[in-house]
Amino acid sequence: GINAEYGGTKHLSGMHEAVFSNLEACTELYKTIKTCYGPKGLNKMVINHLSKLFVTNDAATIIKELEVQHPAAKMIVMASQQQEAECGDGTNFVMILAGALLEKAMDLLESGLSPSEVIRGYEMAAEKCMKILESLVCYTVQDVKCKDEIAPLVKTSVCSKQDGYEDFLAELITDACMKVMPVRRTFSVDAVRTCKILGAGVLSSTCFRGMVFKRNVESDITSVTDAKIAVYSCPFDIGTTETKGTILIKNAEELKNFSLDEEKLIENQLKELAEAGINCVVSGGKVGDMVLHFANKFNIMVVRLMSTDNIMEVIERAIDD
């Protein structure tokens, strides 16, 4: 075999160098993730390259933040990521199964079998497993829109993450998915969001159709029914000129009239919104005091959202509804 290093890379060849080196790297990754499996799995503390701390037993999160560099270990990571993209669950199982197969492969190689023979054996085993799995079906869903049929399936995914709360959360998640289930297009995971509110426990959680933002409203009007919403990505305030201007005021009367003109302009703008049926305004920037005064006068609720993503979500949900 050849063992040479160039610029931080190592070239390996031969059975005992290249093949076993790759297998050892994969099994080390598998052993790291193995203890996270199941409802009693241990949490891992991961610190990423941005020094952000994660405490989780979710394999998808762990491998995402680990930044695996080994080419062979990356193959297992890619398989796990594909499982996450396709199903959203089972990432830990994929890594553990692959790691266990590779660990057994090391014993077979050491006993004298060639890599091609091991691969062929695993392919034959995979074909046999597919036939056996069809005879092991224990539950079948007839109607994907029936809550009672879907809830047991959701429970299997939840119980490994929230042991003890699986019955309650399975019902809650199923209810949320049923409410946003589209008629003619594929289900979007982004349609279901969670919002953590301080002051209660998991069993106080509830599900409803709509959106939740942890912010107080800006106006005195705190509740609106059958809202007609105007969304602004800019500040909800009187506009300012791009260039500086100078206004010459000679006496108190002119100063009073200048202020009145500004108030009248804002009042007319809010009045036009009210006449158009707008009873809720969502702003992506600062809300001026004068604008807020007239919004209260015309019974318009004003909400300020700091995130552009939140504003886009409001627009998308309003269009969907």
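Points to keep in mind about this one:
- Set VAL303, VAL287: member being surrounded by 14 or more Cβ atoms within 10 Å (Cβ to Cβ), more than 25 Å from VAL180 (Cβ to Cβ) and either touching a strand residue (DSSP E or B) at 6+ places or on another chain (Cβ under 7 Å) or in contact (Cβ under 8 Å) with a residue 60 or more places away in the chain (or both): VAL287
- Flag for ALA105 being closer than 20 Å to TYR122 by Cβ and in contact with a Leu (Cβ under 6 Å, 6 or more places away or on another chain): no
- Filter pass, ILE150 being in contact with a Cys (Cβ under 9 Å, 6 or more places away or on another chain), within 30 Å of VAL314 (Cβ to Cβ) and open to solvent by less than 60 Å² (accessible area, probe 1.4 Å): yes
- Of all residues in segment 69-102, those satisfying the criterion of being of a type in the set (Val, Ile, Thr) and either under 20 Å from ALA126 (Cβ atoms) or over 22 Å from the mean Cα position of the chain (by Cα) (or both) are ILE76, THR91, VAL94, ILE96.
- ASP220 vs. criteria farther than 20 Å from THR308 by Cβ, open to solvent by 100 Å² or more (accessible area, probe 1.4 Å), in a loop (DSSP other than H, G, I, E, B) and touching a helix residue (DSSP H, G or I) at 6+ places or on another chain (Cβ under 6 Å): yes
For every residue, the table says whether it meets (1) of a type in the set (A, V, I, L, M, F, W, C); (2) within 30 Å of SER223 (Cα to Cα); (3) within 37 Å of the chain's Cα centre (by Cα); (4) part of a loop (DSSP other than H, G, I, E, B).
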residue	(1), (2), (3), (4)
CYS234	yes, yes, yes, yes
ILE238	yes, yes, yes, yes
LEU248	yes, no, no, yes
PHE258	yes, no, no, no
GLU267	no, yes, no, no
GLU272	no, yes, no, no
VAL281	yes, yes, yes, no
GLY285	no, yes, yes, yes
MET290	yes, yes, no, no
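- Of the set (1) in a loop (DSSP other than H, G, I, E, B); (2) free of Cβ contacts under 8 Å to residues at least 40 places away in the same chain; (3) among the basic types (Lys, Arg), all apply to ARG215 but (2).
The values are calculated or read from the model by the stated rules, or taken from the named source; none is laboratory data. Note that this is a predicted model, so its numbers are computed, not measured. FYI the Cβ positions are ideal-geometry reconstructions off the backbone, even for glycines, and counts take in every protein chain you see. For the accessible areas, the whole protein counts, side chains as well, though only heavy atoms, and no ligand, DNA or RNA atoms are used. Shrake-Rupley method; radii C 1.70, N 1.55, O 1.52, S 1.80 Å.
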